[in-house]
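Enquirer: What follows is a structure written as structure tokens; I'll ask about it next.
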């Protein structure tokens, strides 16, 4: 049955939803029954699209397909499932992904070249096509009946809450919306550092400008978070601009470029923060700020060394002001610095001054009891800085991942 594309194009009517996008969710019982686990995002017209993908050399079938499609710079629909990654599934996995795309095309009358596919979940298990095929028809029949929040919930795996962020952007006399959703709580490491993220806007943006903006936003947000140092096979970031607002497409020279870019940065930064806050088993969000570095690369390397240290993460969990673990991580980070010039603060408490103890560990331990902890490291070697977000490491992280496949 071909449902056809609904003709209800309209501008956004609220502050959370960009106009011209329709949503649908369904239950395919991909991993287990009892929840919506497959979803469809549809633009009511062709959109400019840009994206970024995992740099893991092992890539899931949907990632490979999207990486080819994205070269066109255009798209109209995204179909996504949770519960199965469709990774390490060989030729069958690729066929299954393409079959799903062609089903969406059949039911909605959208060219297959404009349909992107994403998956997240267990690696190495074939897609249960006998359950997915009827679910795709349900998605098409119910297009427009779900909300963006419903999509955010459908793509969750070990997440404990849906992640959605929106910003309004004033464009002349009108206002457009940038909305983003993402999922991710484990296998989070930089390049790219989220598992799945979809950003939509009804504001017209020149494709090459959007591609450049998204790359820069991801560099400062999704590529500066880490939960466990493991990189997924399925990480995908896609952004669609359908231009329903009717503005002249934003370019680098547009007067609206900076306001749009600021709003996009806010969306990606807040989404990345929500990912870390929801880290598997996490009880605390940790912000590692390295400043006074020789250059930004050094600052980033140092921040990641500290953020990825299991010893640092467990110390924060235990409210243990063991700053020696931080200094050790700086030492193996690969950057050039002088420990005798280095200051370390836990919260607002300076525990290390010029490389040695400042005898304030007890005060610092109290500071670590906060749900959000900042570790500030001043290398006093230059003027560059970088911030990386991570979370503490708890017993629940082991439990969640020990039981993930079962």
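Enquirer: Which one of 184, 176, 180 is more than 23 Å from residue 47 (Cα to Cα), in contact (Cβ under 8 Å) with a residue 60 or more places away in the chain, crowded, with 24+ Cβ neighbours inside 10 Å and not assigned by TED's automatic domain parsing to the domain that holds residue 389?
Expert: Every option except 184 fails the conditions.
Enquirer: When the residues of segment 113-133 are filtered to those that are touching a residue at least 60 places away in the same chain (Cβ under 8 Å) and farther than 20 Å from residue 240 by Cβ, which remaining residue is surrounded by the fewest Cβ atoms within 10 Å (Cβ to Cβ)?
Expert: Restricting to residues being touching a residue at least 60 places away in the same chain (Cβ under 8 Å) and farther than 20 Å from residue 240 by Cβ, the top hit is 131.
Enquirer: Among the numbered criteria (1) closer than 24 Å to residue 140 by Cβ; (2) at pLDDT 95 or above; (3) touching a strand residue (DSSP E or B) at 6+ places or on another chain (Cβ under 9 Å), which single criterion is violated by residue 67?
Expert: It fails just one condition, (1).
Enquirer: Within segment 345-359, which residues are buried (at least 16 other Cβ atoms within 10 Å of the Cβ) and either free of Cβ contacts under 8 Å to residues at least 12 places away in the same chain or closer than 18 Å to residue 317 by Cα (or both)?
Expert: If the condition is that a residue be buried (at least 16 other Cβ atoms within 10 Å of the Cβ) and either free of Cβ contacts under 8 Å to residues at least 12 places away in the same chain or closer than 18 Å to residue 317 by Cα (or both), then 345, 346, 347, 349, 350, 351, 358 are the ones that fit.
Table: residues versus (1) over 30 Å from residue 176 (Cβ atoms); (2) assigned to a helix (DSSP H, G or I).
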{"position": "266", "(1), (2)": "no, yes"}
{"position": "274", "(1), (2)": "no, yes"}
{"position": "279", "(1), (2)": "yes, no"}
{"position": "300", "(1), (2)": "yes, yes"}
{"position": "327", "(1), (2)": "yes, yes"}
{"position": "330", "(1), (2)": "yes, yes"}
{"position": "337", "(1), (2)": "yes, no"}
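Enquirer: Checking the structure you have, find out if any residue of segment 370-387 is touching a helix residue (DSSP H, G or I) at 6+ places or on another chain (Cβ under 9 Å), surrounded by fewer than 14 Cβ atoms within 10 Å (Cβ to Cβ), free of Cβ contacts under 8 Å to residues at least 12 places away in the same chain and not assigned by TED's automatic domain parsing to the domain that holds residue 184.
Expert: no
Enquirer: Still on this structure, please answer the following. So, residue 287, is that one within 30 Å of residue 347 (Cβ to Cβ), at pLDDT 95 or above and not in a helix (DSSP H, G or I) or not?
Expert: In short, yes.
Enquirer: Looking at segment 344-352, can you tell me whether even one residue there is at positive phi and in contact with a strand residue (DSSP E or B) (Cβ under 7 Å, 6 or more places away or on another chain)?
Expert: yes
Enquirer: Here is a follow-up. Would segment 263-275 turn up any residue that is more than 27 Å from residue 394 (Cβ to Cβ), in the same structural domain as residue 50 (by TED's automatic domain parsing) and touching a helix residue (DSSP H, G or I) at 6+ places or on another chain (Cβ under 7 Å)? Give the steps one after another, and end with the answer.
Expert: Of all residues in segment 263-275, those more than 27 Å from residue 394 (Cβ to Cβ) come to 263-267.
Retained after the next criterion (residues that are in the same structural domain as residue 50 (by TED's automatic domain parsing)): 263-267.
Checking which are touching a helix residue (DSSP H, G or I) at 6+ places or on another chain (Cβ under 7 Å) leaves us with 264-265.
There is at least one residue in segment 263-275 that is more than 27 Å from residue 394 (Cβ to Cβ), in the same structural domain as residue 50 (by TED's automatic domain parsing) and touching a helix residue (DSSP H, G or I) at 6+ places or on another chain (Cβ under 7 Å).
Enquirer: Which numbered condition trips up residue 107, out of (1) in contact with a helix residue (DSSP H, G or I) (Cβ under 8 Å, 6 or more places away or on another chain); (2) closer than 24 Å to residue 51 by Cα; (3) assigned to a helix (DSSP H, G or I); (4) in contact (Cβ under 8 Å) with a residue 12 or more places away in the chain?
Expert: Checking residue 107 against (1) in contact with a helix residue (DSSP H, G or I) (Cβ under 8 Å, 6 or more places away or on another chain); (2) closer than 24 Å to residue 51 by Cα; (3) assigned to a helix (DSSP H, G or I); (4) in contact (Cβ under 8 Å) with a residue 12 or more places away in the chain, the one that fails is (2).
Enquirer: Check 154, 146 and return the single one that is within 14 Å of residue 29 (Cα to Cα) and assigned by TED's automatic domain parsing to the domain that holds residue 272. Reasoning before the result, please.
Expert: On the way: 146 fails: within 14 Å of residue 29 (Cα to Cα).
One residue alone meets the criteria, 154.
The values are calculated or read from the model by the stated rules, or taken from the named source; none is laboratory data. Keep in mind that this is a model prediction, so the values were computed, not measured. All Cβ positions, even for glycine, are placed from backbone atoms using ideal geometry, and neighbour counts span all protein chains on display.
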